Each structure stands twice: as structure tokens, then as C-alpha cells.
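What follows is one structure encoded as C-alpha cells, with my remarks underneath.
The values are calculated or read from the model by the stated rules, or taken from the named source; none is laboratory data. Computed from a predicted structure; not experimentally measured. FYI the Cβ positions are ideal-geometry reconstructions off the backbone, even for glycines, and counts take in every protein chain you see. Please note that ligands, DNA and RNA were not included when accessible areas were found on the heavy atoms of the full protein model with its side chains. Shrake-Rupley method; radii C 1.70, N 1.55, O 1.52, S 1.80 Å.
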Amino acid sequence: MKDNQIAIKAHAFARRTVKAYQYILKKNEYNMSNQLVRSGTSVGAMVKEAEFAQSKADFINKMSIALKEANETIARSEER
């Protein structure tokens, strides 16, 4: 079976998000860092759930949520 490239990239995204979270914690930005790590790691969780979707519509819904979470993470990381 082929490796799921989306899942691999989502995992890498989560790892980078956690590193950013650790950096932001050092700057005492607790509120922003907590939301950043939540949204960044949920991308991978939604992609994993989409792998076991019950229907095509369910798959699309879960991947759409993952995309929204990724966009939120990017927006949070650009805040200062």
C-alpha cells in the first residue's frame, strides 16, 4: 500500500507546530500558544479520521475541517 502523503505532511505540520508552541511558551504567550498547538495538532487527527470515513461526504467534511484547522494555525502563527 502506498504511503498517505497527506497524513505524512499533516504529521510533519503537527511536529513543526509543537516546536513553534515550545518557542512561544518561552516568550510567555500562553493564550496564543495553547490555541496554536490545539489547531495545529488537530489537522493530523482529522486527516486520520478521514481515512476511515463512512462515506464520500463524510470524507470531504473531515478533510474540510482539517483545512480550516490548518488555516487557523497559520493565522495564529502570524499573530504577534
Count the lysine pairs in the range 9-80 whose Cα atoms lie under 21 Å apart, taking only pairs 8 or more positions apart in sequence or on different chains.
10
I'd like the carbon and sulfur percentage of the solvent accessible area for the chain, probe radius 1.4 Å, heavy atoms only, ligands and nucleic acids excluded.
55
Note down the relative contact order for the chain as a percent, whole number, built from C-alpha pairs under 8 angstrom at least six residues apart.
30
Over the Cα atoms, compute the radius of gyration (one decimal) and Dmax (the largest Cα-Cα distance, rounded to a whole number) for the chain, in Å.
13.7, 44
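Which value, in debye to the nearest 20, describes the size of the charge dipole of the range 15-80 about its Cα centre when Lys and Arg Cβ atoms bear +1, Asp and Glu Cβ atoms bear -1, and nothing else is charged? All intermediate terms of the calculation are to be shown ahead of the outcome.
On the way: 12 positive and 8 negative charges, 57 e Å.
So the magnitude is around 280 debye.
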Sorting Phe13, Phe52, Phe59 by accessible area (1.4 Å probe), largest first, what list results?
Phe52, Phe59, Phe13
Per-residue HN-Hα couplings for the range 7-18 [Karplus 6.51, -1.76, 1.60; θ = phi - 60°; Hz; x = Gly/Pro]
5, 4, 5, 5, 5, 5, 4, 5, 5, 5, 5, 5
Taking r as the C-beta separation of Lys27 and Lys48 and R0 as 30 Å, the FRET efficiency to the nearest 0.05 is 0.45
